[in-house]
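All remarks here apply to the structure that follows.
FYI, it's all coordinate maths here, none of it is from the lab. Please read these numbers as outputs of a predicted model, since none were measured by experiment. Reconstructed Cβ throughout: ideal geometry from the backbone, glycine too, with neighbour counts over all protein chains shown.
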């Protein structure tokens, strides 16, 4: 695969990041509150302003940061949480990432690649759980999981149905590739392209990626440039928190977002915040930058304030009680009922999870069912959403940002979230979840100030109750 060097990584200015952190060390409370006040305007923060908040250790000031994050999250995204599930296709990998269970020489996992028939069955299981969007994942192996396999898998997922339902959007998390291959993904009608930077700190990146194509920092770091050049409007970046100093990583992530906006007119559609966790053959004692729960909450809240327009994605790496709390601090997308093993989804009463345990990429800390996660989201006062309308209506990239930045995206998203959640309640929810879910829908309907839109939403809810599906604004 020819590797074009069209884009530079000079935008990750490590010296500047360290300068900001040095300059803002031990900030005065008045300065911290000044930055918090600006953050409440939901217009974002500069890296230096963000550095001020990252230095805060005082509990009272942290509480004010958390309160501001709640306010900004609801101002931009309302009280919605988008639900998705990962679907692991293959764990063959030619990289040697020291933090990952998929690394090439790890003998503690079983290597597996799904056939198209198995992908269809995994998709049907996810549909029957109530999912409408999936994120496909695959290790980097040009022989076992070439782009042709990924494209065929996407097509399989889209054409698979169960009853009257299907997966409406496939997001893709695969290794950095060429503009030509990103164009193929675009033509396959993907939603968001996802790629974790893992760490922006060049020396740490070199150390944790000792071999394999992923060891090329410049190629990996400019992947989103190539994806957006290829026409993929929505990209999702992320840091694997725990590899290096979280303060450095957050500031570097902001520089990455700013560069994408400068070049392409839109920053990342979403930011993932995975935290380094246990994995087969991985010794966490080798990683001195592991985050405490307190620091992780701070990271989530500050990213929400610094990038108010971006979705914040939380995986099942976190425990149930932590996930419930992090929703209020800025998380707007969450996986539910997830399996991180290849072929790990099982029908109720089916095989044991032995396959998943032998093939998983990392340890899952939230083992609740999809329905249990949905019910929990409702209990903490939020609305689960299965909406995929923006992708199918062309509201991506700069078009999405023109709605998200002023907070207008929720004018569409609230109505669509209500409609898609109604589908879930009718088709898949347990009686307990349906009861609390109907209460949440009624409460959210009451917040629609425009009477015409509220009545139109109620009319569409009646159509869904009568059997229609996939109605959206």
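Just rank 98, 156, fewest to most, by other beta-carbon atoms within 10 angstrom.
Lowest count first: 98, 156.
Fewest first, what order do 59, 399 take by the number of other Cβ atoms within 10 Å?
Going from sparsest to densest Cβ surroundings: 59, 399.
Classify the stretch 47-105 as rounded, prolate or oblate from the Cα gyration tensor: take a ≥ b ≥ c as the square roots of its eigenvalues, call it rounded if a/c is under 1.5, otherwise prolate when a/b beats b/c and oblate if not. Display every interim value, and only then the final one.
On the way: a/c = 3.74, a/b = 1.74, b/c = 2.15.
Taking the square roots of the gyration eigenvalues as a ≥ b ≥ c, the stretch 47-105 is oblate.
Could you please state, rounded to a whole Å, how far the C-alpha centre of the stretch 258-316 is from the C-alpha centre of the stretch 423-463?
Cα centres, the stretch 258-316 to the stretch 423-463: 32 Å.
What is the stretch 4-60 by shape, rounded, prolate or oblate, if you read a ≥ b ≥ c off the alpha carbon gyration tensor as root eigenvalues and call it rounded for a/c under 1.5, prolate for a/b larger than b/c, and oblate otherwise?
oblate
For the stretch 73-390, what does the relative contact order come out to in percent, with C-alpha contacts under 8 Å and a separation of six or more?
Worked out over the stretch 73-390, it gives 25 percent.
Could you please state, rounded to a whole Å, how far the C-alpha centre of the stretch 98-114 is from the C-alpha centre of the stretch 185-210?
18
What is the extension gain from residue 447 to residue 105, computed as 0.36 nm multiplied by their sequence separation minus the C-alpha to C-alpha distance, in nm to one decimal? Intermediate values should be presented prior to the final figure.
On the way: separation 342, 0.36 × 342 = 123.12 nm, distance 5.42 nm.
Length gained between residue 447 and residue 105: 117.7 nm.
Students often check this: by mean Cβ neighbours within 10 Å, which of 162-172, 124-134 ranks highest, and how do the rest follow?
For the peptides 162-172, 124-134, the packing ranking is 124-134, 162-172.
Does the stretch 397-465 classify as rounded, prolate or oblate by the C-alpha gyration tensor (a ≥ b ≥ c root eigenvalues; a/c under 1.5 gives rounded; else a/b over b/c gives prolate, otherwise oblate)?
The shape class here is prolate.
At a 10 angstrom cut-off on C-beta neighbours, averaged per residue, how do the peptides 201-213, 69-81, 279-291 rank from highest to lowest? Before the final figure, lay out each step's value.
Numbers: 201-213: 16.7, 69-81: 21.5, 279-291: 14.8.
Highest mean packing first, the order is 69-81, 201-213, 279-291.
Suppose only helical runs count, i.e. DSSP H with n ≥ 4. What mean residue ellipticity at 222 nm does that imply for the chain under -39500 (n - 2.57) per run, divided by all residues and rounded to the nearest 500 deg cm²/dmol?
For the chain, the value works out to -14500 deg cm²/dmol.
Between residue 60 and residue 19, how many nm apart are label points set 7 Å from Cα along the C-beta direction?
Distance between label points: 3.4 nm.
At R0 = 60 Å, how high is the FRET efficiency between residue 285 and residue 41 if r is their beta carbon distance? Nearest 0.05 is fine.
That gives a FRET efficiency of 0.90.
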